[in-house]
1. Give me a comma-separated list of calculated 3J(HN,Hα) values for the range 4-21, in order, Karplus coefficients 6.51, -1.76, 1.60 applied at θ = phi - 60°, integers in Hz, x for any Gly or Pro.
2. Put Asp193, Asp8 in order of accessible area, largest first, 1.4 Å probe: what do you get?
3. If I ignore ligands, DNA and RNA and count only protein heavy atoms, how much of Arg197 is accessible to a 1.4 Å probe, in Å² to the nearest 10?
4. Tell me the accessible surface of Tyr33 in square angstrom (1.4 angstrom probe, heavy atoms of protein chains only), to the nearest ten.
5. Please list Phe149, Phe107 in order of solvent-accessible area, largest first, computed with a 1.4 Å probe with all protein chains present.
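The values are calculated or read from the model by the stated rules, or taken from the named source; none is laboratory data. Remember, it's a predicted structure, so these values are computed and weren't measured experimentally. SASA here: full protein model, heavy atoms, side chains in, ligands and nucleic acids out. Shrake-Rupley method; radii C 1.70, N 1.55, O 1.52, S 1.80 Å.
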Amino acid sequence: MADELALDLEELRQLQKLAKRPRVLSLISSEIYNWEKLLKEPVSVPVPIPTPTPIATGVNVPSTSALNYVTLGSFSWDQDDDKVKIYVSLEGVEQEKIETDFKPMSFDVKFHNVQGKNYRCAIPKLNNKIVPEQCKVLVKPTRVIITLFKASKGNWLDLHFKEDKLKPNLDKEQDPMAGIMDIMKNMYEEGDDETKRNIAKAWSDARSGKAADPRSVAKALSKE
């Protein structure tokens, strides 16, 4: 590279001797200056960076999302005031191959590569809140014990959350008229012929605008 630059520079100097016109001489002189400066600078040769060769570990770990699991729906459980223990019958479980996901109202425990299969025990919505950071899984020779620590002491009627059907309808509580209508409907269904006639008359008067406040009608009927 440097030899080629030197030869080019020498040729430019020869042209400088032959040139007569001031403009041409100026151009050649400027070019000679640039080439001389380039020769004085060290020439940097790019060094190729070798691409690292991937090392084969021989271990193929599939992602969790790609695994298939057998759901463990059958298990037993007991409790005290502080915690709930779930007993899962499963042999061949290794502690280091357990994946846990404890949340305040749910848990999901996965058992990987148990005699060639993957299992999971999960409840998406618990009866009550737990303390995730205190929950744990203990492996025994023939079973696994999942311990859930309760966020508040007390007795659980079930592991799973269930809607309380005895709770009043909030919409009816917010709308007094809806509750009155229910009262009148029950009175009509359970009342005698005279009560039914009075309720029918009250509804007829209410629709025609003759009746007073329906609540007054309900109170009057309830006294009969």
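1. 5, 5, 5, 5, 5, 5, 5, 5, 5, 5, 5, 5, 4, 5, 7, 6, 10, 7
2. Details: Asp193 105, Asp8 65 Å².
I get Asp193, Asp8, largest accessible area first.
3. Accessible surface of Arg197 is approximately 140 Å².
4. Accessible area of Tyr33: about 140 Å².
5. On the way: Phe149 50, Phe107 5 Å².
Result, largest first: Phe149, Phe107.
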